[in-house]
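The values are calculated or read from the model by the stated rules, or taken from the named source; none is laboratory data. Everything quoted here is computed from the prediction, not taken from an experiment. Using ideal geometry, Cβ is built from the backbone for each residue, glycine included, and neighbour counts are taken over all protein chains shown. We work out accessible area using only protein heavy atoms, side chains counted, and drop any ligands, DNA or RNA first. Shrake-Rupley method; radii C 1.70, N 1.55, O 1.52, S 1.80 Å.
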Amino acid sequence: MATIEFLLNGIPKQCDVPPDTSILTLLRDHLGMTGTKEGCASGDCGACTVAIRNPSDAQACFQSINACITPAHQLSSRHLVTIEGLAQGSQLHPAQQAMVECHGSQCGFCTPGIVMSLFTLHTTQQHRPAPLTPERLEAVLGGNLCRCTGYRPIRDAALSMQSFSWQAPQWFDASPPVASAPDSERVEDNASLFAHPTTLDELTRVRRRYPNARLVAGATDLWLENTQRLVELDQLIDVSRVNELRRIEEATFQEQSGWWVGAGVTYTLLEPLLDTHFPAFAHLLHRLGSQQIRNTGTIGGNIANASPIGDTPPVLLALDAWVELANADGSRQIPLSTFFIDYKKTALAADEIVSRVFVPKLADNSMLRVWKLSKRREDDISAVLGAFCYRLEADIMHDVRIAFGGMAATPKRALATEKALEGQPLSKASFQAAQQALDDEFHPMSDVRGSQLYRQQAARNLLERLYLTLCAPNQEVMLHAYAH
């Protein structure tokens, strides 16, 4: 057991719970707060959505997260708001009032999570007003499923809630108690542990002492082991508060200009950089989970997880990214292409962590294309993801880098396919030769997301799409998988 000190709807709380307790379990089973619901227990449906804020960041607004897959111990020194905290006596919060006025609630099971997503939108609008475009509304509500299909009145509620007056309660901007970090040096090696290092040096020392402990950042994948497979996670090292892991720094590395992106940078924090310099990569983020997932999931976690269907690794491979690995003795940098060794096997030593990723700038006149295929348009895992980086000059292909997810045991560069296109003219024959090379170098597996034949044909079709796109640069050759 370890103690958590935080604010819950403005009230200081102190709880002692095991390391693998989720926020949802803490609320419902330990605190008797049953307004937050459990739907899927995997971060897909949004019924468990709550709002969290880090008061130490003066610019931070409340963010929506999935309580079912977020460790309760990450609440330490944070402010948590649930559905029970929104109304002030008989005065409803504008998100609640708008849902009432627009008849946005049907069976009501999903409603608390939807209201909490609207609450975070409302508070953001209060601090940083911006147009409520269809794209923004879709992003805010994309992680909340209504099984009664009542989306139109919910959207109406989102658009109308700013018209309701609201006075923030006194506790709204309150700061929770600053809890002292647990002294992991005094914990027995085989005892339960939830460590909160705040510097890279602390993290690497704790990692060396507890090589079998699981690292946790956003927990968007790790926590499924607990909720879906009932695995006990009794030793956890939280990397989400390590300052060095949350930085984005412009730099030159290996004679290339680019950015070092800390492994603890969330997709939400990464989005402005991608919007400016890698719009195709930024577009992918719209389909990388929900906003709740993007608020907590990290680029380092997506890499270190080493899933063959992770969304960001193929794009980073196509960009020729590097990864930095750190331990208590120092750090080393390796090409990301050498980091993935086999299925779920990486170049990480037992005492190492992924500390940051170097993302090179696109060279002049280079282009990046990213296309993801999945059963659902949103909030779904890839069946196949293709990333294509290239430079086209005088109708000749140069600097071709292609990577796929879902086509091998690891995210993988398509080296033979690249070679078939490099220096070749933009022609049907060149791309047919590349498709043949692709067939020869990838032999994907069949699973619930797609058969081997489907994946092979889908990857060929993505090459065909690239060819048609290059032949008609001023028009989209097919309906884009994302509506906006």
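Looking across the stretch 444-456, the residues that are modelled with pLDDT of 95 or more and open to solvent by 90 Å² or more (accessible area, probe 1.4 Å) come down to Leu453, Tyr454.
Taken over the stretch 438-476, the residue count meeting the criterion of being of a type in the set (Val, Ile, Thr) and part of a helix (DSSP H, G or I) is 1.
Only one entry in Ala459, Ala429, Ala481, Ala434 is closer than 14 Å to Leu385 by Cα and at pLDDT 95 or above, namely Ala459. May I ask you to verify whether Ser175 is modelled with pLDDT under 90, part of a loop (DSSP other than H, G, I, E, B), open to solvent by 20 Å² or more (accessible area, probe 1.4 Å) and touching a Pro at 6+ places or on another chain (Cβ under 9 Å)? Answer is yes for this residue. Note on the stretch 227-242: residues that are in contact (Cβ under 8 Å) with a residue 12 or more places away in the chain and in contact with a helix residue (DSSP H, G or I) (Cβ under 8 Å, 6 or more places away or on another chain) amount to 9.
The residues in the stretch 289-307 that are buried (at least 23 other Cβ atoms within 10 Å of the Cβ) and farther than 19 Å from Arg246 by Cα can be counted, and the count is 2. The residue pairs whose first member lies in the stretch 122-137 and is within 16 Å of Ala98 (Cβ to Cβ), whose second member is open to solvent by less than 50 Å² (accessible area, probe 1.4 Å), and whose beta carbons are closer than 7 Å, counting only pairs six or more residues apart or on different chains, are His122/Pro94; His122/Ala95; His122/Met161; Thr123/Cys61; Thr123/Phe62; Thr124/Cys61; Leu132/Ala158; Leu137/Ala158. Among the residues of the stretch 87-140, those that are closer than 23 Å to Ala67 by Cβ, outside any helix (DSSP H, G or I) and open to solvent by less than 40 Å² (accessible area, probe 1.4 Å) comprise Ala87, His93, Gly104, Gly108, Cys110.
Residues being of a type in the set (D, E, K, R) and in contact with a Pro (Cβ under 6 Å, 6 or more places away or on another chain): count how many of those fall in the stretch 409-424. Steps first, please.
Looking only at the stretch 409-424, we keep the residues that are of a type in the set (D, E, K, R), and these are 412-413, 418-419, 422.
From what is left, the residues that are in contact with a Pro (Cβ under 6 Å, 6 or more places away or on another chain) are none.
Residues in the stretch 409-424 being of a type in the set (D, E, K, R) and in contact with a Pro (Cβ under 6 Å, 6 or more places away or on another chain): 0 in total.
Only one of the numbered conditions (1) farther than 26 Å from Ala387 by Cα; (2) touching a Leu at 6+ places or on another chain (Cβ under 8 Å) is violated by Glu271, and that is (1). Residues that are touching a strand residue (DSSP E or B) at 6+ places or on another chain (Cβ under 7 Å), assigned to a loop (DSSP other than H, G, I, E, B) and more than 19 Å from Arg369 (Cβ to Cβ) within the stretch 256-296 comprise Ala263, Gly264, Val265, listed in sequence order.
Residues in the stretch 235-265 that are modelled with pLDDT of 95 or more, acidic (Asp, Glu) and open to solvent by 10 Å² or more (accessible area, probe 1.4 Å): Glu244, Glu249, Glu250.
Taking first residues from the stretch 247-259 that are under 12 Å from Trp322 (Cβ atoms) and partners that are in a loop (DSSP other than H, G, I, E, B) and open to solvent by 60 Å² or more (accessible area, probe 1.4 Å), the Cβ contacts under 9 Å between residues at least 6 apart in sequence or on separate chains come to Gln256/Lys361; Gly258/Lys361; Trp259/Lys361. Taken over the stretch 35-62, the criterion of being among the polar types (S, T, N, Q) and within 27 Å of Met1 (Cα to Cα) is satisfied by Thr36, Ser42, Thr49, Asn54, Ser56.
When Ala326 is tested against the conditions (1) surrounded by 20 or more Cβ atoms within 10 Å (Cβ to Cβ); (2) in a strand (DSSP E or B); (3) without any contact (Cβ under 8 Å) to a residue 12 or more places away in the chain, the lone failure is (3). Report yes if Ala51 is under 23 Å from Ala87 (Cα atoms), in contact with a helix residue (DSSP H, G or I) (Cβ under 6 Å, 6 or more places away or on another chain) and not in a loop (DSSP other than H, G, I, E, B), otherwise no. Spelling it out, Ala51 is indeed under 23 Å from Ala87 (Cα atoms), in contact with a helix residue (DSSP H, G or I) (Cβ under 6 Å, 6 or more places away or on another chain) and not in a loop (DSSP other than H, G, I, E, B).
Does Ser337 fit the bill of being surrounded by fewer than 23 Cβ atoms within 10 Å (Cβ to Cβ), at pLDDT 95 or above and either in contact with a Phe, Trp or Tyr (Cβ under 8 Å, 6 or more places away or on another chain) or in a helix (DSSP H, G or I) (or both)? Show your work before the answer.
On the way: surrounded by fewer than 23 Cβ atoms within 10 Å (Cβ to Cβ): yes; at pLDDT 95 or above: yes; either in contact with a Phe, Trp or Tyr (Cβ under 8 Å, 6 or more places away or on another chain) or in a helix (DSSP H, G or I) (or both): yes.
Yes, satisfied.
Of note, Asp221 satisfies the criterion of being charged (D, E, K, R), surrounded by fewer than 22 Cβ atoms within 10 Å (Cβ to Cβ) and part of a loop (DSSP other than H, G, I, E, B). Per the listing Leu325, Leu319, Leu348, the residue uniquely farther than 28 Å from Tyr390 by Cβ and touching a Lys or Arg at 6+ places or on another chain (Cβ under 9 Å) is Leu325.
Of everything listed in (1) over 30 Å from Glu38 (Cα atoms); (2) not in a helix (DSSP H, G or I), the single unmet condition for Arg208 is (2).
Within the stretch 6-48, can you find the residues that are in a strand (DSSP E or B), closer than 21 Å to Trp171 by Cβ, open to solvent by 50 Å² or more (accessible area, probe 1.4 Å) and of a type outside the set (A, V, I, L, M)?
Within the stretch 6-48, the first condition is being in a strand (DSSP E or B), and the residues that meet it are 6-8, 11-17, 22.
Going one step further and asking which of them are closer than 21 Å to Trp171 by Cβ, we end up with 6-8, 11-15.
The next check asks that each one be open to solvent by 50 Å² or more (accessible area, probe 1.4 Å); those that pass are 11-14.
Scanning the stretch 6-48 gives Pro12, Lys13, Gln14.
Just one residue in the set His277, His283 is open to solvent by 20 Å² or more (accessible area, probe 1.4 Å) and at pLDDT below 95; that residue is His283. Among the residues of the stretch 141-171, those that are open to solvent by 10 Å² or more (accessible area, probe 1.4 Å) and assigned to a helix (DSSP H, G or I) comprise Leu141, Tyr151, Arg152, Pro153, Arg155, Asp156, Leu159, Ser160, Gln162, Ser163, Gln170, Trp171.
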